């Protein structure tokens with residue numbers, strides 16, 4: 001399996017885990033269940049670890065698709081920028097979760113950590129979801145919204161080449 005295949009195969013794992021960890025933490029806080037809090041921290045740590053190979057395989061995945069017809073360089077660029085922000089956010093969420101797990105017996109840290117981890121995890125989950133959405137748009141033009149996401153070459157291709165055929169008839 002090459003890096004591009006790895007990127008595509010595992011890209012959903014950190015997204016789903018970050019969202020799952022966030023929801024688990026919300027439920028844990030509402031239920032006042034410390035076991036579930038710890039479990040959500042573990043899920044967020046695993047999400048951060050899972051994001052590492054996905055992030056670092058992105059460049060090779062880009063090289064594999066950037067010259068294919070219908071691929072939008074502007075969407076790749078947006079995806080890449082958002083992926084960096086997502087990686088930072090999930091790393092912070094995972095790091096804070098790990099610290100919270102290691103210092104779990106400290107009551108003052110425990111209370112502050114729950115809210116801090118939750119805030120960062122929610123931000124991370126949102127960023128990762130948007131990053132995944134943009135990643136899907138790279139090869140799936142059917143989920144793109146509006147002309148802003150198209151490059152000039154794609155605009156003519158969207159009509160199935162009809163514009164070019166009409167030009168030939170006028171000659």
- Note on the structure: Where a ≥ b ≥ c are root eigenvalues of the Cα gyration tensor, a/c under 1.5 meaning rounded, otherwise prolate if a/b exceeds b/c and oblate otherwise, the range 1-131 counts as prolate
- Message: Given R₀ = 35 Å, what would the calculated FRET efficiency be for residue 103 paired with residue 56, taking r from the Cβ atoms and rounding to 0.05?
- Response: 0.75
- Inter-site label distance for residue 110 and residue 23 at 7 Å from Cα along Cβ, in nm: 2.7
- Task: Could you sort 100-111, 15-26 so that the peptide with the highest average Cβ count within 10 Å comes first and the rest follow in order?
- Result: 15-26, 100-111
- Ranked from fewest to most other Cβ atoms within 10 Å of their own Cβ, 99, 75 fall in the order 99, 75
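Each value in this text was obtained by applying a stated rule to the coordinates, not by laboratory testing. Since we're looking at a predicted model, the values are computed, not measured. Don't worry about glycine lacking a Cβ; one is built from the backbone with ideal geometry, like all the others, and counts go over all protein chains shown.
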